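Since the structure comes first, as structure tokens, the remarks are kept for the end.
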Amino acid sequence: MPKKEYIQKMFAGISPHYDFLNRTLSLGRDIYWRRFAVAELPHGLILDVCSGTGDVAIEASSKRRVISSDFCREMTLLCSEKLKKLGIDNVFCVQNDSENLSFNDDTFDGAIVAFGIRNVADMEKALSEMYRVIKKDGKVIVLEFSRPENRFFRGIYYYYFKKILPVIGTLISKKSGAYSYLPSSVMAFPERRQFVEYMKRSGLKDIKYYDLTFGIVTIYAGIK
Ligand SMILES: C[S@@+](CC[C@H](N)C(=O)[O-])C[C@H]1O[C@@H](n2cnc3c(N)ncnc32)[C@H](O)[C@@H]1O
């Protein structure tokens, strides 16, 4: 099965448990990671790609108008339900492929992707699309898992991430592949400096990045 189709089906399968597992498996850290990433965004109109159930879009919505886009219909439906429950009316959920965004050039003040770029089949295409749809001087923010650099911490973390997390994820979601895919996709993700090169190749400049929580995640920011 092509990667795109596999990923779409996988996220559809785990969507009902997605938020609960995020909170549980990250011990609540995911909320804080997204908050840091969102704080990097400018105000105005923002595109959140690979938005899932919309947590980034919701976090950003207090100060911005947001389009939350994901190619998985089940995820976008959950996002719309959450918005309705929370009474948020400045976020719109749309079904869209991050590699072929259906928005005009130079539309958004910023674009963000959280824990999504690792999953797209053609990462460079997705970065170029984010670049294309933001205005000149607009900002692209990427929040993604990294491999911690401290050897001692990494040992403990990898034991949890590779051995314990997949078991809990599988038990709760009742889907076997998704939570072993998570550590393997993080292991296959480019090293920080290499990812910066991908961002540069998409046209972004003034790229900065920093780690959070001992390097479990990294926030990257670049300007058009
Ligand atoms: C790990 S989730 C992240 C969701 C959300 N951003 C968050 O912070 O929780 C990855 C999301 O990327 C979406 N995705 C993967 N490839 C995509 C693509 N090519 N186009 C649009 N969405 C995609 C999946 O459907 C899934 O909802």
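The values are calculated or read from the model by the stated rules, or taken from the named source; none is laboratory data. Bear in mind the structure is a predicted one, so any value in this text is a computation, not a measurement. Quick reminder, even Gly has a Cβ in these numbers, built from the backbone with ideal geometry, and neighbours come from all protein chains shown. In case anyone asks, the SASA skips ligands and DNA or RNA and just uses the protein heavy atoms, side chains included. Shrake-Rupley method; radii C 1.70, N 1.55, O 1.52, S 1.80 Å.
Brief remarks on what is shown
- Identity of the residue in region 55-93, small (Gly, Ala, Ser) and touching a strand residue (DSSP E or B) at 6+ places or on another chain (Cβ under 8 Å), that ends up nearest to the ligand (Cβ to nearest atom): Ser69
- Residue in region 146-182 that is least open to solvent (accessible area, probe 1.4 Å), counting only those that are basic (Lys, Arg) and assigned to a helix (DSSP H, G or I): Arg154
- Flag if Ser185 is in a helix (DSSP H, G or I) and within 18 Å of Ala126 (Cβ to Cβ): yes
- Exactly one residue out of Ile117, Ile172 is touching a helix residue (DSSP H, G or I) at 6+ places or on another chain (Cβ under 7 Å) and either among the acidic types (Asp, Glu) or at pLDDT below 95 (or both): that is Ile172.
Quick grid of which residues meet (1) of a type outside the set (Val, Ile, Thr); (2) farther than 24 Å from Tyr210 by Cα; (3) open to solvent by less than 20 Å² (accessible area, probe 1.4 Å); (4) within 9 Å of the ligand (Cβ to nearest atom):
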site	(1), (2), (3), (4)
Ile7	no, yes, yes, yes
Phe11	yes, yes, no, yes
Pro16	yes, yes, no, no
Phe20	yes, yes, no, no
Gly28	yes, no, no, no
Glu40	yes, no, no, no
Val49	no, no, yes, yes
Thr53	no, yes, yes, yes
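- For region 150-209, the tally of residues that are of a type in the set (A, V, I, L, M), touching a strand residue (DSSP E or B) at 6+ places or on another chain (Cβ under 9 Å) and touching a residue at least 60 places away in the same chain (Cβ under 8 Å) stands at 3.
- Contact map, region 97-113: residues that are over 19 Å from Arg65 (Cβ atoms) paired with residues that are in a strand (DSSP E or B) and small (Gly, Ala, Ser), Cβ distance under 9 Å, separation 6+ or inter-chain. Pairs shown: Asp97/Ser69; Ser98/Ser69.
- Meets criteria (touching a Phe, Trp or Tyr at 6+ places or on another chain (Cβ under 9 Å) and of a type in the set (D, E, K, R)) for Arg192: yes
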